[in-house]
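The structure appears below as structure tokens.
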Amino acid sequence: MKAKGTLSERLNAVFHPRSIAVVGASATPNTFGYLFMDYLIKAGYTGTLYPVNPNSDQILGFKAYPSLKDIPGDVDYVISCIGARHVPEMIRQCPARNVKGVHLFTARMSETGDKRGHELEKEISSEAGRLGISLIGPNCMGIYYPKGGISYAYDLPKRSGKVGGIFQSGGISVNFIRYAGIRGVTFSKVVSYGNAAGLNESDLLEYLAGDDETGLIAIYIEGVRDGRRFFKTLKKAAAVKPVIVLKGGRTRAGTRSTFSHTASIAGSFNAWEVMFRQCNAVQAADMDEFVDLTVAFNFLPEINGKRVGVIGGSGGKVVLAADECEQAGLDVVALPEDVKELIRNKAPEFINWLGNPVDFSILTGAKITPMELMQGMAGSSGFDFLVCNVTEENPFDDFMWAQLITFEVNEYLNISSAGIKPLVVTIANPGLGMSNTGEWRWKTLLEKREMLASRGIAVFSSVRSAATALSKLVNYYLNRKRMRHGGAE
Amino acid sequence: MKGSILERLRNEGRNVLAEVEAKEVLKEAGVPVNETLIARSREEAVSLGGKLGYPVVLKVVSQDVLHKTEAGGVELNLAGPEQVMEAYDRIIAAARAKYPGARIEGVSVQRMIAGGTEVIIGLTKDPQFGPMLMFGLGGILVEVLRDVSFRIVPLTETDAREMISEIKGYPLLKGFRGSAPVNEDALAEVLTRLSNFIELHPEIDEMDINPLFATEKGVIAVDARMILKWDE
């Protein structure tokens with residue numbers, strides 16, 4: 001028997017359990033049997049929780065049961081923290097409780113590389129398939145669904161959002177959710193799927209591509225089971241929503257016969273990159289960029305051009321900002337005619353001095369205010385988006401420094417709220433030490449960053465990272481347009 | 001006609017296809033090829049030369065001679081019957097000298113194509129993602145510069161166009177210093193036709209079309225080879 005229902009029905013059931021049993025639950029803090037219970041409690045899960053442990057009556061305030069079959073009602077979802085060899089028996093008890101999904105945190109299966117681990121995993125997977133149970137794992141963290149109060153770590157964002165995640169590695173997923181969370185990103189549904197004995201990367205991608213709660217998808221992947229299916233699924237997914245991919249693990253070129261030039265040259269090419277490019281998936285170079293891209297796609301609308309207006313900062317900083325934008329493939333255009341017209345009308349003496357990037361520090365005492373100039377730039381059709389830098393280098397004393405920073409940030413916020421031009425903000429983050437975070441200067445900047453993020457603005461720690469993310473974002477939307485125009489296969 | 005070349009080759013259990021047969025397969029895939037006929041004697045070579053029209057190219061036909069040029073097995077730009085006869089003898093002698101005991105079927109004859117830009121189109125199979133087409137500048141450039149692009153089969157029209165424009169040497173195809181631009185539509189068409197054909201024929205395991213001549217008017221495959229892999 002195959003699992004019941006369509007893929008989307010099966011996964012919807014997994015994400016909306018009315019009851020969860022933690023098999024192998026424990027009252028001992030910092031064991032996973034304890035943690036998985038506690039994660040759910042802290043995340044605010046409101047369904048029924050059943051700890052299962054033959055040696056306890058009560059765990060974390062919940063009545064415990066010796067085994068799955070002793071639970072008095074239906075169990076929609078099971079989190080397994082028991083040893084690998086006990087899993088088959090547990091799976092066999094599932095039908096009696098109408099279990100729809102099982103997450104195997106349980107590990108030590110195929111990933112060990114030994115034959116018995118492989119065989120056990122295969123046995124479990126075919127048994128679950130036969131019984132119509134959706135299987136996640138083994139060797140993974142399971143699902144994070146903030147809307148349903150389901151979590152697999154402490155302190156993950158409680159608010160839900162639109163980023164869906166698919167992670168071959170649980171650890172990477174926890175870091176990613178935390179790092180992106182600090183930047184204001186919130187999540188719809190995230191799955192850490194481990195060895196993929198049941199649901200695999202293509203199943204999950206297909207599901208999230210069709211999921212209304214998910215607006216963009218982040219994937220960390222090391223390998224695939226069925227490359228052809230993944231290719232086709234990724235292509236379809238990226239055609240409807242942005243898919244950001246971080247590929248872990250270097251692919252070693254295979255040595256093949258050298259009958260043809262093609263085969264010998266192909267050995268030195270990375271087929272994954274070819275595949276990502278062909279699917280219009282957005283490839284992240286590393287973890288930092290993975291987070292930056294997620295921030296960009298999460299907060300920014302579709303942008304179809306690379307003409308950037310760079311605002312803020314003084315002297316050499318704006319020169320570097322322009323260089324970094326150009327290097328990332330953005331187009332640092334000259335001030336458009338309508339903006340020049342504005343300057344001519346208000347402050348003609350600046351017409352040859354002001355340019356893009358705009359150095360606000362030179363406007364002291366001018367008859368045009370930074371706000372007026374920014375409004376002009378935001379309203380100009382000559383720019384596709386703005387990169388706004390916070391001028392941390394201003395030379396004034398505590399009070400005035402903070403006042404100017406606040407003023408500047410509020411102006412960026414106002415321009416952004418007006419909704420006429422997409423913008424991002426850069427605030428330096430030079431790797432603060434413990435003592436720095438208490439200093440008023442850094443504290444102010446951290447507060448500004450947090451405030452902007454909470455107001456839905458993409459904040460980056462450098463012009464380079466902002467420009468790289470924006471360039472890839474625009475490429476994604478331009479490619480998508482072209483591919484739609486070029487027709488599907 | 002249902003008796004397709006691939007069916008025949010399957011029945012014969014053939015795996016390695018040299019120029020003449022590879023071109024027959026390409027023809028079936030809808031790729032324009034430079035018609036190539038096999039001569040088994042110098043007289044036959046002359047008669048085929050007359051039939052195809054001079055100047056012609058002669059190449060040794062042997063499963064055992066993998067590197068034809070290095071073996072002295074290729075003679076270009078032969079303008080008439082005498083040149084063809086002399087070239088025929090030279091080719092056979094050179095191949096026998098370099099590959100003693102090689103099974104030599106004869107010599108292939110085709111019209112010499114002049115002008116146009118040499119490109120390569122190839123097929124390889126990636127262990128994870130399956131058949132991938134390759135495009136690049138042909139001739140020796142492909143070996144030295146590796147200026148190529150890949151796409152996984154099936155290709156959309158956009159894929160085909162992008163893999164052409166994506167190579168660094170693309171300006172050479174667009175017409176460089178007054179040379180005429182090549183027909184990109186025809187190139188893209190060949191790539192998508194090959195993609196469709198490969199989807200229907202997973203037995204095609206590896207392929208080089210090198211060179212394919214691209215001109216303002218269209219494209220034509222001048223040399224090709226192929227490996228077929230049949231299921232048990």
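The values are calculated or read from the model by the stated rules, or taken from the named source; none is laboratory data. If you're wondering where the values come from, they're calculated on a predicted model, not measured in any experiment. Heads up, the Cβs are rebuilt from the backbone with ideal geometry, glycines too, and the neighbour counts pull from every protein chain shown.
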Please indicate, with yes or no, whether at least one residue in the stretch B:211-223 is touching a strand residue (DSSP E or B) at 6+ places or on another chain (Cβ under 8 Å), buried (at least 19 other Cβ atoms within 10 Å of the Cβ), of a type in the set (D, E, K, R) and over 20 Å from A:M275 (Cβ atoms).
yes
Tell me which residues, restricted to the stretch A:214-238, are away from chain B (no Cβ under 11 Å) and either in contact (Cβ under 8 Å) with a residue 40 or more places away in the chain or of a type outside the set (D, E, K, R) (or both).
A:T214, A:G215, A:L216, A:I217, A:A218, A:I219, A:Y220, A:I221, A:E222, A:T233, A:A237, A:A238
Among the numbered criteria (1) more than 18 Å from the chain's Cα centre (by Cα); (2) crowded, with 20+ Cβ neighbours inside 10 Å; (3) not assigned by TED's automatic domain parsing to the domain that holds A:L11, which single criterion is violated by A:I133?
(3)
Got a sec? Which of B:A221, B:A214 is away from chain A (no Cβ under 13 Å) and out of contact with any Gly (no Cβ under 6 Å at 6 or more places or on another chain)?
B:A221
Check the stretch A:69-80 and report whether any residue there is among the charged types (D, E, K, R), within 24 Å of A:I150 (Cα to Cα) and part of a loop (DSSP other than H, G, I, E, B).
yes
Pick from the stretch A:282-292, criterion surrounded by 22 or more Cβ atoms within 10 Å (Cβ to Cβ) and closer than 25 Å to A:R229 by Cα, ranking: farthest from the other protein chains (Cβ to nearest Cβ):
A:F290
Can you tell me which residues in the stretch A:196-213 are out of contact with any Phe, Trp or Tyr (no Cβ under 8 Å at 6 or more places or on another chain) and either within 14 Å of chain B (Cβ to nearest Cβ) or touching a residue at least 12 places away in the same chain (Cβ under 8 Å) (or both)?
A:A196, A:A197, A:G198, A:D203, A:E206, A:Y207, A:L208, A:A209, A:G210, A:D211, A:E213
Return the total of residues in the stretch B:6-30 being β-branched (V, I, T) and either within 22 Å of B:A95 (Cβ to Cβ) or assigned by TED's automatic domain parsing to the domain that holds B:A79 (or both).
2
Checking the conditions here, which among B:L191, B:L172, B:L187 is in the same structural domain as B:P127 (by TED's automatic domain parsing), over 19 Å from the mean Cα position of the chain (by Cα) and closer than 13 Å to B:V119 by Cα?
B:L172
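Here's the yes/no breakdown for (1) under 30 Å from A:L205 (Cβ atoms); (2) in a strand (DSSP E or B); (3) not small (G, A, S):
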{"site": "A:N12", "(1), (2), (3)": "yes, no, yes"}
{"site": "A:S26", "(1), (2), (3)": "no, no, no"}
{"site": "A:N30", "(1), (2), (3)": "no, no, yes"}
{"site": "A:F36", "(1), (2), (3)": "yes, no, yes"}
{"site": "A:Y39", "(1), (2), (3)": "yes, no, yes"}
{"site": "A:S56", "(1), (2), (3)": "no, no, no"}
Selection within the stretch B:146-167 - closer than 21 Å to B:D205 by Cα, more than 7 Å from every other protein chain (Cβ to nearest Cβ) and in contact with an Asp or Glu (Cβ under 7 Å, 6 or more places away or on another chain):
B:S149, B:V153
Which numbered condition B:L194 misses (of (1) within 13 Å of chain A (Cβ to nearest Cβ); (2) closer than 23 Å to A:N479 by Cα; (3) in contact with a Leu (Cβ under 9 Å, 6 or more places away or on another chain); (4) not acidic (D, E)):
(2)
The condition of being modelled with pLDDT under 95 and within 12 Å of chain B (Cβ to nearest Cβ) holds, among A:R277, A:R256, only for A:R256
A careful count of residues in the stretch A:159-182 that are surrounded by 24 or more Cβ atoms within 10 Å (Cβ to Cβ) and assigned to a helix (DSSP H, G or I) gives 4
Out of the stretch B:32-82, which residues are within 22 Å of B:K98 (Cβ to Cβ) and in a helix (DSSP H, G or I)?
B:R42, B:A45
Out of (1) at pLDDT below 95; (2) under 23 Å from A:K42 (Cβ atoms), the odd one out for A:R116 is which?
(2)
When the residues of the stretch B:8-64 are narrowed to those that are β-branched (V, I, T) and farther than 28 Å from B:I198 by Cβ, which ends up surrounded by the most Cβ atoms within 10 Å (Cβ to Cβ)?
B:V60
Could we say that B:G101 is assigned by TED's automatic domain parsing to the domain that holds B:T192 and exposed (fewer than 14 other Cβ atoms within 10 Å of the Cβ) here?
no
In the set A:P51, A:P66, A:P72, which member is closer than 24 Å to A:H86 by Cα, buried (at least 16 other Cβ atoms within 10 Å of the Cβ) and of a type outside the set (D, E, K, R)?
A:P51
Scan the stretch B:61-76 for residues that are touching a Phe, Trp or Tyr at 6+ places or on another chain (Cβ under 9 Å) and not small (G, A, S) and report the count.
4
Could you tell me which numbered condition A:G223 fails, if it satisfies all but one of (1) modelled with pLDDT of 95 or more; (2) farther than 19 Å from A:V282 by Cβ?
(1)
Take the conditions within 28 Å of A:K481 (Cα to Cα), buried (at least 20 other Cβ atoms within 10 Å of the Cβ), away from chain A (no Cβ under 11 Å) and not charged (D, E, K, R) and apply them to B:L173. Does it pass?
yes
Enumeration of residues in the stretch B:85-104 that are in contact with a helix residue (DSSP H, G or I) (Cβ under 9 Å, 6 or more places away or on another chain) and either within 14 Å of chain A (Cβ to nearest Cβ) or within 14 Å of B:V60 (Cβ to Cβ) (or both):
B:A87, B:Y88, B:D89, B:I92, B:A102, B:I104
Which residues, taken from the stretch A:183-219, are hydroxyl-bearing (S, T, Y) and either surrounded by fewer than 20 Cβ atoms within 10 Å (Cβ to Cβ) or assigned by TED's automatic domain parsing to the domain that holds A:K122 (or both)?
A:T186
Residue list for the stretch A:99-120, filter: in a helix (DSSP H, G or I), among the charged types (D, E, K, R) and touching a residue at least 40 places away in the same chain (Cβ under 8 Å):
A:E111
Exclusive hit being within 20 Å of B:R225 (Cβ to Cβ), charged (D, E, K, R) and outside the structural domain of B:L194 (by TED's automatic domain parsing), set B:E86, B:E82, B:E70
B:E70
Over the stretch A:421-474, the set of residues more than 18 Å from A:I405 (Cβ to Cβ) and loosely packed, with under 14 Cβ neighbours inside 10 Å is A:G431, A:G433, A:M434, A:S435, A:G456
Among the residues of the stretch A:284-324, write down those that are closer than 19 Å to A:N175 by Cβ and touching a residue at least 60 places away in the same chain (Cβ under 8 Å).
A:M287, A:D288, A:E289, A:F290, A:V291, A:D292, A:L293, A:T294, A:V295, A:A296, A:F297, A:N298
